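> A single structure is presented below for examination.
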Amino acid sequence: MGDTNKIPLISSEIAGIWNAYMSESLTVKVLSCFLNRVEDTEIQALLQKTFELSNQHITEITGLFNQAGLPIPDGFTDNDVNINAPRLFTDSFYLAYLSFMSRIAMHNYTLILNEIARSDIRNYFSKRIYDSIDLYNQSADLRLAKGIFIRAPFVEVGKKVEYIKSRNFMVGLLGEKRSMLLNEVTQLFGLTFSNIVGRALTTAFGQVSKNAKISDYLFEGRDLTSKIISELTEIFSNDDIPIPSTSDSFVTDSTISPFSEKLILTHMLVLCSSSVSSLGMAVSESLRVDLYAIYLKYTAQIMKYSQKGAKIMIDNKWLEQPPAVLKHKDLIGIQK
């Protein structure tokens with residue numbers, strides 16, 4: 001049997017390592033600022049471990065690019081961060097952020113692993129999934145120990161097996177709504193937590209941006225996440241389910257940005273992509289028509305918001321293009 005690791009990379013493998021490089025490049029720069037301002041020693045240790053792992057991942061992915069003779073993405077550099085900027089987030093946000101980003105990584109790495117052929121690339125993404133699981137577990141343990149874990153609602157459930165007896169089970173737009181299934185509660189909670197983190201990021205980024213157009217765009221995102229949180233918590237309330245919340249605003253009063261506008265807007269695109277993916281999962285897990293109607297509405301709004309951010313980045317030449325299929329006719333040097 002030949003060395004399968006020398007087989008040319010297929011499209012999904014190139015896309016996978018490109019996205020992974022960009023993600024790790026972003027993570028390293030964000031964590032470098034967090035590390036310079038964190039006060040809690042336990043949170044600092046977890047941030048440091050994650051920072052070192054991300055740097056190691058970048059080295060590994062760079063090796064894969066070089067082996068394949070592919071250009072290494074620009075990603076993000078020291079020019080995209082100001083580690084001496086005042087603290088913008090609280091220590092509890094750092095933990096929530098690690099938890100949130102590890103959930104995104106688990107999801108994205110699992111999806112791309114399903115499309116990979118070469119064993120060395122499969123091994124790489126398999127290890128990243130385990131790294132993400134470990135990070136989530138450690139951040140969850142710390143949040144629990146410090147009493148700042150935003151937990152899913154505790155509810156009473158039926159004590160016997162039942163079968164659905166009517167198609168009205170799926171109706172929720174008109175008339176009396178049935179009680180939510182626990183799958184639906186789980187998805188609603190996950191979306192609420194994600195938007196709590198998103199609201200903190202858009203608020204913080206909006207208040208430090210020195211570009212009026214970008215600041216307005218970020219506060220528009222803050223308003224969108226606030227609206228989503230409000231509507232989701234109203235659904236909890238209407239079903240007499242405890243509402244998930246946090247007593248920490250997560251954001252300080254600093255007006256000096258630790259990050260470049262390019263990094264901030266890229267982060268917004270990451271959040272939007274994650275939100276659309278999570279909403280798709282919520283739709284698939286919901287049997288109440290009113291719920292997935294709400295999710296589809298949010299999906300459209302977030303996609304529109306994401307496109308607006310992408311246009312701002314393109315206008316400023318900040319949006320790095322992912323690998324694309326080569327059009328051979330474009331190689332012909334004919335002047336038109």
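The values are calculated or read from the model by the stated rules, or taken from the named source; none is laboratory data. The model shown is predicted, which means the values in this text are computed figures rather than measured ones. So basically every Cβ, Gly included, is an ideal-geometry build from the backbone, and we count neighbours across all protein chains shown. Note: accessible area is taken over every heavy atom of the protein model, side chains too, but ligands, DNA and RNA are not part of it. Shrake-Rupley method; radii C 1.70, N 1.55, O 1.52, S 1.80 Å.
> Among ALA105, ALA117, SER132, pick out the residue whose Cα is farthest towards the positive end of the charge dipole of segment 91-143, where Lys and Arg carry +1 and Asp and Glu carry -1 on C-beta, about the Cα centre.
ALA117
> Filter the trypsin sites (Lys or Arg not before Pro) in segment 77-170 to those in DSSP coil with at most 14 other Cβ atoms within 10 Å of their Cβ, and list the result.
Answer by residue number: LYS146, ARG151, LYS159, LYS160, LYS165.
> Moving to a separate point now. Using +1 at the C-beta of Lys and Arg and -1 at the C-beta of Asp and Glu, which of ASN36, ILE235, ASN195 has the Cα lying farthest in the positive direction of the dipole of the chain?
Towards the positive end, the residue furthest out is ILE235.
> Identify the GluC sites (Glu not before Pro) of segment 127-214 meeting these criteria: DSSP loop state and at most 12 other C-beta atoms within 10 Å of the C-beta.
Sites meeting the loop and neighbour criteria: GLU156, GLU162, GLU176.
> Using +1 on the beta carbon of Lys and Arg, -1 on that of Asp and Glu, and nothing else charged, what's the dipole of segment 178-336 about the Cα centre, debye to 20?
Computed about the Cα centre, the dipole is about 900 debye.
> Return the sequence-ordered ³J(HN,Hα) values of segment 134-148 in whole Hz as given by the Karplus equation 6.51 cos²θ - 1.76 cosθ + 1.60 applied to θ = phi - 60°, using x for Gly and Pro.
Once θ is set to phi - 60°, the couplings for segment 134-148 become 5, 5, 4, 4, 5, 5, 5, 4, 5, 5, 5, 4, 8, x, 10 Hz.
> Which whole-Hz ³J(HN,Hα) couplings does segment 236-241 yield from phi under the Karplus relation 6.51 cos²θ - 1.76 cosθ + 1.60, θ = phi - 60°, glycine and proline marked x?
After applying 6.51 cos²θ - 1.76 cosθ + 1.60, I find 4, 4, 5, 9, 6, 10 Hz.
> Further question: At each listed q (0.09, 0.14, 0.19, 0.22 Å⁻¹), what is the log10 of I(q)/I(0) that the Debye formula gives for segment 1-116 modelled as equal alpha-carbon point scatterers?
So the normalised log intensities work out to -0.30, -0.66, -1.05, -1.27.
> Under a Cβ-only charge scheme (Lys and Arg +1, Asp and Glu -1), can you give me the dipole magnitude of segment 69-173 about the Cα centre, in debye to the nearest 20?
Computed charge dipole of segment 69-173: roughly 700 debye.
> Separation between the LYS227 and GLN67 pseudo-spin-labels, each 7 Å from Cα along Cα→Cβ, expressed in nm?
4.7
> Tell me, what is the FRET efficiency for LYS210 and LEU111 to the nearest 0.05, using R0 = 35 angstrom and their Cβ-Cβ distance as r?
The calculated FRET efficiency here is 0.45.
> Under a 5 Å amide H to amide H cut-off, with H placed in plane at 1.01 Å, what residues pair with PHE259 once short-range neighbours are removed?
ASN82
> Let me ask something else about it. Take the solvent-accessible surface of the protein heavy atoms, probe 1.4 Å, and return the percent of it on segment 113-227 that carbon and sulfur atoms account for.
Taking all protein chains in place, segment 113-227 shows 54 percent carbon and sulfur surface.
> On a C-alpha basis, how far is the centre of segment 156-216 from the centre of segment 23-52 in Å? Whole number, if you could?
Using only Cα atoms, the two centres lie 29 Å from each other.
> Express in nm, to one decimal, how much length is gained between ASP74 and VAL157 on full extension, taking 0.36 nm for each residue of separation and deducting their alpha carbon distance.
Gain in length upon complete extension: 24.7 nm.
> Right, next: I'd like to check one number: the per residue accessible area of the chain, probe 1.4 Å, reported in Å² as a whole number. Walk me through the numbers before you get to the answer.
Values: 18230 Å² over 336 residues.
Counting only protein heavy atoms, the per-residue value for the chain is 54 Å².
> Something else: On a C-alpha basis, how far is the centre of segment 280-325 from the centre of segment 66-105 in Å? Whole number, if you could?
Result: 21 Å between the Cα centres.
> Name the residues whose placed amide hydrogens come within less than 5 Å of the amide hydrogen of VAL251, ignoring near sequence neighbours (fewer than 5 apart) on the same chain.
THR90
> Hand me the GluC sites (Glu not before Pro) from segment 14-59 located in a DSSP loop with no more than 12 other Cβ atoms within 10 Å, in residue order please.
GLU39
> Calculate one ³J(HN,Hα) per residue across segment 301-314 by plugging θ = phi - 60° into the Karplus curve 6.51 cos²θ - 1.76 cosθ + 1.60, and present them in order as whole Hz with x for glycine and proline.
In residue order, the calculated couplings are 5, 5, 5, 5, 5, 4, 4, 5, x, 4, 5, 4, 5, 5 Hz.
> Hey, another quick one. Any chance you could tell me what percent of the C-alpha pair distances in the chain go past 26 Å?
54
> Turning to a different aspect of this structure: If you put +1 on each Lys and Arg Cβ and -1 on each Asp and Glu Cβ, how big is the dipole of the chain around its Cα centre, in Debye rounded to 20?
Numbers: 34 positive and 36 negative charges, 177 e Å.
Magnitude of the dipole: close to 840 debye.
> Now for a different question. 222 nm [θ] for the chain, helices only, -39500 (n - 2.57) per DSSP H run of 4+, per residue, to 500? Write out the running numbers ahead of the final one.
Values: 8 runs with 208 residues, N = 336.
So the helix-based figure for the chain works out to -22000 deg cm²/dmol.
> Report the extension gain between ASP40 and LYS6 in nm, rounded to one decimal, defined as 0.36 nm multiplied by the number of residues separating them, less their alpha carbon distance.
So the chain would gain 7.7 nm between ASP40 and LYS6.
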